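Undergrad: Structure incoming, see below.
Derivation of every value follows stated rules applied to the coordinates shown; laboratory data play no part. Not measured: the values here are computed from a predicted model. FYI the Cβ positions are ideal-geometry reconstructions off the backbone, even for glycines, and counts take in every protein chain you see.
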Amino acid sequence: MYLLGCDIGSSSVKASIVDASSGLTIGADFYPKEEAPIKAIKPGWAEQEPDDWWKYLKVAIKGAIAKAGIQGTDIKAIGISYQMHGLVLVDKKMEVLRPSIIWCDSRAVPYGDRAFKNIGEKQCLSHLLNSPGNFTASKLAWVKEFEPELFRSVHKFMLPGDFIAMRMTGDIVTTVSGLSEGIFWDFKNEQVSEDLMNYFGFSNDLIPEIRPTFGLQGELLGSVATELGLKVLNPGEIAATGGTSGVVYGVNGKVNFDTLSRVNTFAHVNHSADQTRLGVLLCINGVGILNSWVKKNVAPEGISYPELNELAAGIPVGSEGLSILPFGNGAERMLQNKQIDCSVHGLNFNIHTKAHMARAAQEGIVFAFKYGMDIMNEMGIDIGVIRAGNANLFLSPIFRDALAGVTGTVIELYDTNGAVGAAKGAGMGAGIYKNAEEAFASLKKINVIEPDGFKANAYCGAFEIWKERLEQSI
């Protein structure tokens with residue numbers, strides 16, 4: 001018995017096949033092989049075509065099945081993870097009306113700021129647990145004002161994962177977890193927020209049908225099953241993030257929020273009226289995309305990521321006074337939705353080289369994590385251990401050592417990714433696993449990184465210099 005997980009990222013779409021009995025991944029693939037394009041027609045904008053995600057996913061699924069060496073008809077459930085709080089709009093024929101305004105698009109910041117002020121900061125924080133900020137609801141408000149004719153044609157709005165589920169099943173549905181991530185959910189009244197819907201002038205008809213997160217989301221369309229070599233089955237859905245941005249995510253058992261809305265509080269996948277489970281999420285836009293930019297535009301041509309890491313490793317901690325603020329991918333939530341762009345500080349033409357830039361980029365990303373984690377600590381969330389998949393920047397020894405050193409935390413790396421998590425979430429939703437403990441019992445810890453006490457002092461000193469330069473910039 002096999003499970004299929006689909007991870008709809010902004011850089012690529014991944015598919016993983018998990019053996020339900022052993023819990024092991026037996027086949028995985030992704031597409032496109034180079035970073036997927038992001039359209040930025042104006043500064044601060046970021047759009048992708050939803051149907052491109054669907055095309056990419058079909059290629060990745062076929063590749064994963066081939067690598068697993070199984071029959072697609074033996075797959076019993078499908079799960080979906082996805083890039084968060086993007087906006088997808090469809091008409092009554094389920095045709096996409098415009099490109100998706102994705103997570104790192106900043107155009108809606110003024111709409112969220114005005115809603116926060118006019119609905120009332122206290123009301124928003126106590127009911128929504130966030131300011132409306134730059135999330136899905138504010139993006140929809142932008143469309144309503146600037147594309148009114150198109151807005152009148154909107155049948156439903158969706159998140160990226162909801163869209164993929166629609167293409168698979170023909171049903172337009174969402175979850176409480178998804179609605180909360182779009183800042184549509186009232187946690188006090190356990191319903192769609194009347195305050196927000198009334199303020200923006202949205203009809204409740206725009207909201208997809210709400211279904212349980214770990215439950216049956218719909219049946220796979222026969223045409224899709226035939227095309228992909230699957231059989232008609234029931235997909236589940238679980239939310240996750242990863243890829244171009246950087247995320248720290250913790251689960252809180254009590255209602256709490258950051259008064260400045262610098263970190264995001266959403267309904268965790270197992271949140272209910274009877275059991276408070278709130279996910280506190282720190283999201284930094286300019287993480288993998290900065291490292292990718294340095295590789296393409298600064299490092300020697302043709303260099304690989306492992307070679308880039310080796311190049312950076314030849315430079316001492318602190319990059320000899322060079323600092324990079326990695327905020328060049330849109331407005332940053334933890335900076336109160338300010339867009340300060342990426343900047344380089346302390347550059348000395350007589351000292352610094354491409355290798356310094358490579359190291360300073362990774363250190364700058366780490367220091368942004370540290371800055372945001374300090375905000376989470378202020379909320380009462382004690383981060384003693386960081387658990388992550390062994391992928392992306394966590395493959396870099398510099399990144400791992402710097403993060404452990406500057407935060408004083410142990411890092412545990414696991415052989416997993418968003419698509420594998422989605423597959424196991426599907427297994428829970430389909431009743432194949434009794435609970436999360438059973439679903440993830442086979443998860444393998446493959447590496448542990450302890451803070452290096454000697455280097456920790458150097459990293460903390462470099463962080464203080466970086467932090468001072470950041471605060472001067474904002």
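Undergrad: Taking square-rooted eigenvalues a ≥ b ≥ c of the alpha carbon gyration tensor, is segment 125-204 rounded, prolate or oblate, where a/c under 1.5 means rounded and, failing that, a/b exceeding b/c means prolate?
TA: Taking the square roots of the gyration eigenvalues as a ≥ b ≥ c, segment 125-204 is oblate.
Undergrad: Another question, then. Going by a ≥ b ≥ c, the root eigenvalues of the Cα gyration tensor, does segment 431-474 fall in the rounded group (a/c under 1.5), the prolate group (a/b larger than b/c) or the oblate group?
TA: Oblate, since a/c reaches 1.5 and b/c is not below a/b.
Undergrad: If you stretched the chain out fully between D382 and E219, how much longer would it get, using 0.36 nm times the residue separation minus the C-alpha to C-alpha distance?
TA: Full extension from D382 to E219 adds 54.6 nm.
Undergrad: Looking only at GluC sites (Glu not before Pro) in DSSP loops with at most 13 other Cβ atoms within 10 Å, what is the longest site-free stretch of the chain?
TA: In the chain, the maximal stretch lacking such sites is 302-474.
Undergrad: Related question: Just to be sure I understand: of the beta bridges DSSP finds with both ends in the chain, what percent are antiparallel, rounded to 5?
TA: Around 75 percent antiparallel, to the nearest 5.
Undergrad: Compute and list, largest first, the equivalent-ellipsoid semi-axes of the chain from the alpha carbon gyration tensor, each √(5λ) rounded to a whole angstrom.
TA: Each semi-axis is the square root of five times an eigenvalue, giving 34, 28, 22 Å.
Undergrad: Continuing with the same structure: Quick one: what does P(r) look like for segment 1-138 with 10 Å bins over all Cα pairs, in whole %?
TA: The distribution over segment 1-138 is 12, 30, 27, 21, 10, 1, given as percents.
Undergrad: Now, a different point. Let me check the size of segment 364-470 from its C-alpha atoms; what are the radius of gyration and Dmax in Å?
TA: Over segment 364-470's Cα set, Rg and Dmax evaluate to 16.5, 52 Å.
Undergrad: With no solvent and one point on each alpha carbon, what is the Debye value of log10 I(q)/I(0) for segment 1-67 at q = 0.20, 0.29 Å⁻¹?
TA: Values returned for q = 0.20, 0.29 Å⁻¹ are -0.75, -1.18.
Undergrad: Kindly provide the trypsin sites (Lys or Arg not before Pro) of segment 1-80 that DSSP labels as loop, not H, G, I, E or B, and whose Cβ sees at most 10 other Cβ atoms within 10 Å.
TA: Listed in order of number, the matching sites are K33.
Undergrad: Find the relative contact order for segment 109-182 and round it to a whole percent, using C-alpha pairs within less than 8 Å whose residues are 6+ positions apart.
TA: Relative contact order, segment 109-182: 27 percent.
Undergrad: Related question: Suppose the chain between E450 and V96 were pulled fully straight at 0.36 nm per residue; how much longer would it get relative to their current alpha carbon spacing?
TA: Separation in residues times 0.36 nm, less the Cα-Cα distance, equals 122.7 nm.
Undergrad: Given Cα pairs under 8 Å that are at least 6 residues apart, what percent is the relative contact order of segment 3-62?
TA: Over segment 3-62, the number comes to 33 percent.
Undergrad: Running Debye on segment 335-410 with equal point scatterers at the Cα sites and no solvent, what base-10 log of I(q)/I(0) appears at q = 0.13, 0.18 Å⁻¹?
TA: Rounded to two decimals, the profile gives -0.50, -0.88.
Undergrad: Oh, and also: If you stretched the chain out fully between E190 and F349, how much longer would it get, using 0.36 nm times the residue separation minus the C-alpha to C-alpha distance?
TA: 51.5 nm
Undergrad: Something else now. Please grab the % of Cα pairs in segment 72-178 that end up more than 25 Å from each other.
TA: Counting every Cα pair in segment 72-178, those more than 25 Å apart make up 28 percent.
Undergrad: Just flag the chymotrypsin sites (Phe, Trp or Tyr not before Pro) in segment 366-474 sitting in loop per DSSP whose Cβ has no more than 11 other Cβ atoms within 10 Å.
TA: none
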